[in-house]
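To start, the structure under review is shown below, and the notes come after it.
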Amino acid sequence: MASFQRRRNHQNHSLRFLLPVISAISGTILILFAFLSVLAPPGDVNHLRHNRHLRNGEDDLTETSFHVPVRALEAEEDQIAIYGGRHRPNSSTGAVTPATSLQHLLLSPVILIFGNLGADAVTQPNRYLMIATSGGLNQQRTGITDAVVAARILNATLVVPSLDQKSFWKDASNFSEIFNTDWFISFLSKDVKIIKELPKKGGGKALSPYTMRVPRKCSERCYQMRVLPVLLKRHVVRLTKFDYRLANRLDLDLQKLRCRVNYHALKFTNSIQEMGKTLVERMRMRSRHYIALHLRFEPDMLAFSGCYYGGGEKERKELGAIRRRWKTLHISNPDKERRHGKCPLTPEEVGLMLRALGYGSDVHIYVASGEVYGGEETLAPLKALFPNFYSKETIASKEELVPFYGFSSRMAALDFMVCDGSDVFVTNNNGNMAKMLAGRRRYFGHKPTIRPNAKKLYRLFLERRNMTWEVFSSKVYTYQRGFMGKPKEVRPGRGEFHENPSTCICEDSEAKANADLTHQPNVQAKDATRKDVVEADDDQSLEEEPEWTDPDDDEDQRGPQDKGQLKGTNMEYDDLSSDEPELEEILSD
């Protein structure tokens, strides 16, 4: 018993000794924790509430379950990681492009891919090709580019293409009011003979064109079989609604010609270029880096897509009234469209995606957009995420924009230049502007173009209230793999050529680059390239392809002629036009 009491007294003595030590250690830890809490940066104070009319059926998020932190990127390594590399000004365009290695040098734009013959030597007399483009600015740009190649295939003289003035976009501008016509003609003088208007007959009467249309994705043989016989008989052929009327895969020389037209011969007028450069400079004065976002959240866009964003009966009535403009537009299932990634993200969702990818609230963002559905209320969450929010209307005065007001293509051209000059371009759909800019940014040394993986992000946005920001951000990173516009992200030959002009970009050694510049044809390289293109185009191993595409791509590629519905006529193109916008035109830009 005495032994037990001694042990108990010893234990009590030990506890009395340890208690002060434990208290001291605990106090020290508490003081240290409080000190660290004071030093920790505060969280972002905005709650990122859903727009009342665009709620996706969710309740407002609470700060405890989903809280967006401030993520200012100050380290040089972080800046390089999200902006794609160090950049340097390009004095010739006013844009900023990344410094590139010799492996990514462009093939020389002045290589005479058809030898030293020149356009005059291969252009046959009494063959004139006229082109009527279709859609908005960038859709028409694809038509203009392909028109030059079509003229080369037919060995015909090309008349400067006419722009679509009667479609949905209702822009009365002609070619010379958007593009530098003289430069266009002179730059391509070694490839194709181009004239401003048809020559007169002996009596001073204008030649009468024979009007016809070719199918979508018409190949070189297609033009030789369908158009050439008519051209030989009628001498003047006008191809109407000329957009995506040329095959994606062509002979290597023709692909290079496409690039010279699109990236070098097609220059905007001086007034557009000067204003565009001014806008880029003003963005650069505000920040070292900036993001450009093509929002594509206009009422017409949403109505055409058939998507629904939880705005109740008001939204259904408003968008339904717009949808009735297209009498042949099928009734879609909004939930199904959204699940399949065929709906543009809301402005808030785009902002959350970018923040999750590492772009802090201090990032400067330029938004290219028309009238946003829901107005300022819809834009408010995006502006809360990125307070440094700009558009051409906020960085230019009304007086400066007067020459461009009322002309959708001229306004679109300004947005095109500012988006092209950005460090990162973000597109909210995979329409023509997205494709054209993605291709251009690959061609000129490479700058990232981010496309939302809408199919996977859709479910994530619905469930984000049930996860922390860290989990959400990690999932966004995972889902966006393959959609970040990295140099090797899209294999050569995959996708639309205007979006991925791989055959025009030198990816080989310095020796091959020098060989190309000496104007010496390389038959082995040509054959290898064509083989790679075919194999890559048939490869279906990529995990994801962009789901958000133009209705153009869904049109039956047999074309109207194969269906026996459209034959050549002598009617003027103006008589073919309708006041009702065609289905594919609404998504063109």
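Rounded if a/c is under 1.5, else prolate if a/b is larger than b/c, else oblate: which is segment 139-251, with a ≥ b ≥ c the root eigenvalues of its Cα gyration tensor?
Rounded is the answer for segment 139-251, as its axis ratio a/c remains below 1.5.
For Lys170 and Glu393, FRET efficiency with R0 = 25 Å and r from the beta-carbon atoms, rounded to 0.05? Kindly include the intermediate steps, with their values, before the conclusion.
Details: r = 20 Å, r/R0 = 0.80.
Calculated value: 0.80.
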* Structure fact -> Under the 7 Å Cα-to-Cβ spin-label approximation, Leu401 and Arg324 lie apart by a distance in nanometres of 3.2
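For the peptides 187-195, 424-432, 458-466, what is the packing order when you average, over each peptide's residues, the other Cβ atoms within 10 Å and list the highest mean first?
Working: 187-195: 20.2, 424-432: 26.3, 458-466: 16.7.
Result, highest mean first: 424-432, 187-195, 458-466.
Note the full-extension length gain between Asn126 and Ile331 as 0.36 nm times their separation in residues minus their Cα-Cα distance, in nm to one decimal. List each step's numbers first, then the result.
On the way: separation 205, 0.36 × 205 = 73.80 nm, distance 4.83 nm.
69.0 nm is the gain from fully extending Asn126 to Ile331.
What ranking, highest mean first, results for peptides 126-139, 331-344, 439-452 when packing means the other Cβ atoms within 10 Å averaged over each residue?
Numbers: 126-139: 24.6, 331-344: 16.4, 439-452: 22.6.
Final packing ranking: 126-139, 439-452, 331-344.
All of the numbers you see were taken from the coordinates with simple rules; none came from a lab. All values derive from a computational prediction rather than experimental measurement. Every residue, glycine among them, receives a Cβ derived from its backbone with ideal geometry; neighbour counts consider all protein chains shown.
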